[in-house]
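Engineer: Let me begin by handing over the structure; questions about it come next.
Values in this text are rule-based calculations from the coordinates and carry no lab data. Being a predicted model, the structure only gives us computed values, none of them experimental. Cβ coordinates were reconstructed from backbone atoms using ideal geometry, including for glycine residues, and neighbour counts include every protein chain displayed.
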């Protein structure tokens with residue numbers, strides 16, 4: 001079953017990457033989708049590898065299945081991770097499609113109890129605006145009590161308006177790869 005899910009996910013990412021890579025502008029309609037032509041480089045690629053590595057991988061270890069996100073995060077060190085080794089492995093394997101590119105605007109969410117965890121992939125430049133959490137978005141438990149940057153434990157000043165939830169990040173030591181913000185709800 002895992003192999004089927006992996007193959008389906010790989011195929012979907014391949015197709016979506018190919019669509020984005022083309023110069024044509026697409027609109028959300030069946031006619032627009034039907035006008036898509038698969039580029040030759042994708043037809044020739046035949047094999048791709050996509051990975052997702054995060055705190056949830058620790059929960060796959062025996063005895064760690066029921067840990068909270070905070071407990072998982074405290075154990076997520078990556079001390080043996082070497083991106084160059086992985087890239088070389090993918091290249092040696094013949095993968096023509098590798099990974100998923102992301103920017104600091106890519107934010108992933110996880111809910112645990114009265115907390116919403118926002119993971120920003122990349123290092124924000126200045127304040128972080130999370131448009132999907134604007135004041136018109138009804139949070140499950142109501143208003144925001146406070147926000148903490150989990151990498152430093154520092155409390156974050158914020159502004160919650162109709163445009164976005166804006167996190168004030170001056171003086172916060174941010175990571176180049178990812179930053180997790182624990183949003184505590186009332």
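Engineer: What FRET efficiency comes out for the pair residue 82/residue 36, r = Cβ-Cβ distance, R0 = 45 Å, nearest 0.05?
Structural biologist: 0.75
Engineer: As a footprinting exposure proxy, order 92, 57 by other Cβ within 10 Å, with the fewest listed first.
Structural biologist: 92, 57
Engineer: Further question on the same structure: Ranked highest first by the average count of other Cβ atoms within 10 Å around their residues, in what order do 161-169, 82-90, 178-186 fall?
Structural biologist: Answer by packing, highest mean first, reads 178-186, 161-169, 82-90.
Engineer: Which FRET efficiency value, to the nearest 0.05, is calculated for residue 134 and residue 155 with the Förster distance at 25 angstrom and r the Cβ-Cβ distance?
Structural biologist: Working: r = 21 Å, r/R0 = 0.86.
Taking R0 as 25 Å, the efficiency between residue 134 and residue 155 is 0.70.
Engineer: Continuing with the same structure: Taking N as the number of residues in the stretch 107-185, what value does Rg over Cα atoms divided by 2.2 N^0.38 Å take? List each step's numbers first, then the result.
Structural biologist: Working: Rg = 11.5 Å, N = 79, 2.2 N^0.38 = 11.6 Å.
Scaled against compact globular proteins, the figure is 1.00.
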